[in-house]
1. Arrange the following residues from fewest to most other Cβ atoms within 10 Å of their Cβ: 910, 479.
2. For segment 885-928, what size does the Cα cloud have along each of its three principal axes, sorted from largest down, in whole Å?
3. What list do you get for 578, 100, 732 if you sort them by fewest beta carbons within 10 Å?
4. Please compute the net charge surrounding residue 662, taking Lys and Arg as +1 and Asp and Glu as -1 over other residues with Cβ under 12 Å from its Cβ.
5. Rank-order 23-29, 488-494, 186-192 by packing density, defined as the average count of other C-beta atoms within 10 Å over each peptide's residues, highest first.
6. For segment 382-534, divide the Cα radius of gyration by the Kirkwood radius and give the resulting Rg/Rh value with two decimals.
7. How would 112, 320, 415 line up from fewest to most surrounding beta-carbon atoms within 10 angstrom?
8. Within the set 347/379; 156/877; 877/926; 837/923, which residue pairs have Cα atoms separated by over 27 Å?
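What follows draws every value from the coordinates through simple rules; no lab data is involved. Every value quoted in this text rests on a predicted model; they were computed, and no experiment measured them. Every residue, glycine among them, receives a Cβ derived from its backbone with ideal geometry; neighbour counts consider all protein chains shown.
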Amino acid sequence: MPPRRPRRPARKQAPTPHQARNYTHPEADAVMRPDVGAQGAFRKKKPPATYKYDSSLAPEMNWDGQNPAREEGEALIARILAAKSLADVQDAAQRLARISRPFLNWAGKAERLSFDVPTLPLFVHERLSTRAILESVKRRRTNTQMDAFELFGDPKHDYADQLRSYEHREGWVNRMILGDSLVVMNSLLQYEGMGGQVQMIYIDPPYGVKFGSNFQPFVRKRDVKNNDDDDMTREPEMVQAYRDTWGLGLHSYLTYLRDRLLVARDLLTESGSLFVQISDVNLHHVRELMDEVFGANNFVTVISFVKTSSLNSPDAKLNRVATNNDFIVWYARNVDELKFRQVFRNKTDLSNGVGSFDWVELPNGDRRSLTQAERSGAKALPGGRLFARADLTSQKPTTLFDLTYSGKVYNPLPRGWRTTKEGMSKLADANRLFVAKNSLRFVQYLDDFAVTPYGAFWEDTGTGSFTDEKLYAVQTGTKVVQRCIQMATDPGDLVLDPTCGSGTTAYVAEQWGRRWITVDTSRVPLSLARQRLLTATYPWYELKADDRGPAGGFHYERRQNNRGEEVGGIVPHITLKSIANDEPPAEEILVDRPEITKSIMRVAGPFAVEATIPTPVDFDNDGIEDSHAESPESYASFIDRMIEVLRRSPVIQIGGNRTVTLRNIRPPARALSLSAEATVDATASGQRPTLGEAVDEAEEKRGDRLPLSGKSVAIVFGPENGAVSDKLVFESAREANAKNYTHLYVIGFAIQANARELIDKHDMLGIAMTYINMTPDLMMGDLLKNMRSSQIFSVCGQPEIKVSEVAPSEAGAAMQYQVKLLGLDVFNPADMSVEHKRGDDVPCWMLDTDYDDLCFRATQVFFPRTGAWDNLKRALKADYDESVWDHLAGDTSTPFSAPDGRTEFKVAVKVIDERGNELLVVKSVKTA
Ligand SMILES: C[S@@+](CC[C@H](N)C(=O)[O-])C[C@H]1O[C@@H](n2cnc3c(N)ncnc32)[C@H](O)[C@@H]1O
């Protein structure tokens, strides 16, 4: 038997976890971003940023034609001729050599030597923290005070603080950002100076194959049919993203990817890595693109991984070979500085059999070769130690001597022995010599080094029924991302995924104590990711230094189980050399096996949900050209088109079988923000809507939506490719009020939650307002096979909530409050119908029990009628009543106290509908 270090036994039965904790990152900080409620006061605009492609890379060397390379080539030749130093000559010659290399060309590439990206700030919309939710529902019993800073990782910033956003730094929290990846990455660079700070970027873009199947339009429906109108996303930003990405098919796809790769590269640290996940269809193009952006010398490898456990992909139905693998293309920012941590797998996990370890040493010391059945796996392996009979000779003939062993003389010629005479006698003492037919061999036990490095072919990553729960149509398996993170980063490092989807990268980064930022342009995946992170449970990996967080590293130990197998994170690496030289064996750290403290149940740390807010039209005359996606001209022509549509369909359904007909629709004279004016005919059939308990309140609200017949009303249209912002509402309400219109109709494809809130607070702005949805089919145009909407404009109600008092359970204690989500009207943009949903039939709703008008801090989060909280419920069953989990899976909050014993406070409820839309409703509560 080999000499063994004193071993620490495998841990005993785990105690039941009783505390939920999360990692924090005390050593990292970030620039403070403004809260969305302070958007109106935000003045720090920046001009768009221009990114230049490396002009030496495009286009081809063609001296006869009109070609930008010619100019550059001639300039470089001139530089060589006039060069004063060898370095100058070499640099120019290298550049010249580069422009003569072959490269991938596509339509539009040569014409575009640079591109502009709007520079937009990121506003914080939500602060989320699983521990804050747990503390909030527990507080009822323990009455401990929540420390917002500790739980949300952020002190509440008041309005004055907001004005100093982007000026000072604060503690780090992880980030989930809604917006186009290019715009968000540019914002990180320009507003936050994050260039060179990201250790790893994982991009899993749409594969550039089919549009329809890339965008999941519903939170709770995973099967997406390509080219089915009903399954087509109706999110305005997504339609825009699609047009940008696929307008010219593969050509625009390549431009889309190259732009993002170029900006992403600037974010990477010198030792950083970028991974792009792609299928076999466009793999070759991605390699070419990345060669261009990163330089061919920074190519690390292409990983091929199995994505499904079976080969039942659609290809199997065709008359060709079926595939079940995808690829990850890995480039380094600078390959010479690359951070790389080897990841290992157990040798015993090898699916391709025992390999060269085809002998066994039985417990009684006998050695025999494995039978054919044992080798092929048809029969179980016998107990004992597997070993390979390794070569004892080496090419270097420095150790040439005759060796007598078991009465026979052995000679290594024509080679030499791998060790000296003394070394050989140590091997013999350790029973490491094996007599083969005419030679001596070295007994290399499999457990001398029980693991083997992973290469670039991963066959153990197939997602199937026994691995990850699938939330999203195009979800990546956690193993794949986890391995990339472990190879390219250390705990505490920053990982970015600009293609969040269901949040696999964030989920895995959180698990392994990495900081993360994730971005998606679509609300549906972000709401899946939000739920996934909030309800996740992870093991607590022991930290080397608690006060440093994961950045101080995890703690690893060597441990063996009863069978003597290595199960800890440190494994010995016994070699012929270590035995022959009587040295302690080298040790390898298995980064994926830190020690686990079983008494702690870990949840995700706090994270912020942020968004870019494109300003559709800029009304400020502040000298900086506004960085919105639409130019004033295109916005104007969009308004003209929409006025025409409104003239042809002037009847607006405002609910309760009532309609408003607009007449004399025309652009107003000298308008600043308003789009049109009209006179109205209002009619009401007198029938009551059927909205359950909420009827009375809803009716009342709708009453003031009916404008007076014959009066002039104002109309403003939201942007073509985005949601109506609160700024647009504010500015147009001010103008409509000043011009004495009686009512303002805000018409859009979508609306931001705080803009919606402003409309409902119309008494504050002095004019009655109504938000009207227009069918997104208007902007989908050729993307749909049929435009079926009979109804183009219609009203969609707000969620109805009820706040009630709950008598305290103990005498003398303060009154408590409880919020019930009664229901909401859900607007179906595909057919403009409105369906009433009960409060317990929405994918998610959240409650802020002390809303400050600036940012939504979720103190309770509900996933009605789902088992979303079940993992936490199981893990913490000793600590929380069953009723807490019933509340979190229903329509009624757990009771809560007035914050800080105040007599007046606001509660806010945010409902996430099936399409990921957010609806915010705020109520003031006065204590008796
Ligand atoms: C293939 S999915 C990523 C899936 C993810 N790896 C997961 O495990 O769920 C690609 C994601 O990129 C998003 N996306 C596409 N174009 C984008 C853009 N321009 N900016 C940001 N996100 C984009 C899509 O909405 C989609 O959620």
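1. 479, 910
2. Between the extreme Cα coordinates on each principal axis of segment 885-928 lie 38, 23, 15 Å.
3. Result, fewest neighbours first: 100, 578, 732.
4. For residues surrounding residue 662, the net value is +3.
5. Final packing ranking: 488-494, 186-192, 23-29.
6. Values: Rg = 26.0 Å, Rh = 20.2 Å.
Checking Rg against Rh, the ratio lands at 1.29.
7. 320, 112, 415
8. Listed pairs above 27 Å: 156/877; 877/926.
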